[in-house]
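Enquirer: My questions will all concern the structure given below.
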Amino acid sequence: MHKNIKLIKENENPPKVIRNLYSKQEILKLIDLYNELPTTVNNKKQNVIKKRWLLDYSKELENI
């Protein structure tokens, strides 16, 4: 076991729920963005597949 796990657990806080952080339209735009993002393989040896951010896709989403 890692020697700092006890210290980490002592400093943990319960999760906080933030309601109405995003509007329904903003959530739908973020979902569309995720679906349109290209996938790339970052580590061919481990086959790590990630979504890559598209520059200048939407300034509005970048601000969100």
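Taken together, the values in this text are just the output of simple stated rules run on the coordinates, not laboratory data. Remember, it's a predicted structure, so these values are computed and weren't measured experimentally. FYI the Cβ positions are ideal-geometry reconstructions off the backbone, even for glycines, and counts take in every protein chain you see.
Enquirer: Looking at the chain as a GNM with Cα springs under 10 Å, which of LYS29, LYS51, LYS16 has the largest mean-square fluctuation?
Expert: Maximum fluctuation in the GNM of the chain, among the listed residues, is at LYS16.
Enquirer: Same structure again: Cross-chain or 8 or more residues apart, Cα under 25 Å: how many lysine pairs in the chain fit that? Count them up, please.
Expert: 10
Enquirer: Roughly how many nanometres apart are two label points built 7 Å out from the Cα toward the Cβ at LEU33 and LEU21?
Expert: For LEU33 paired with LEU21, the spin-label model returns 1.4 nm.
Enquirer: Fewest to most neighbouring Cβ within 10 Å: what's the order for ARG19, ARG52? Show your work: numbers first, answer last.
Expert: Working: ARG19 4, ARG52 10.
The most exposed by this proxy come first: ARG19, ARG52.
Enquirer: Express the relative contact order of the chain as a whole percentage, based on alpha carbon pairs under 8 Å and six or more residues apart in sequence. Write out the running numbers ahead of the final one.
Expert: Values: 27 pairs, mean separation 13.5, N = 64.
Contact order relative to length: 21 percent.
Enquirer: Moving on. If R₀ is 25 angstrom, what is the calculated FRET efficiency for the pair GLU62 and LYS6, using the beta carbon separation as r and rounding to 0.05?
Expert: Once rounded, the FRET efficiency stands at 0.05.
Enquirer: Can you tell me the alpha carbon radius of gyration of the chain divided by the globular rule-of-thumb value 2.2 N^0.38 Å?
Expert: Values: Rg = 18.1 Å, N = 64, 2.2 N^0.38 = 10.7 Å.
My calculation over the Cα atoms of the chain gives 1.69.
Enquirer: Any idea what angle helix 24-36 forms with the longest principal axis of the chain, computed on alpha-carbon atoms, 0 to 90 degrees, nearest 10?
Expert: That works out to roughly 90 degrees.
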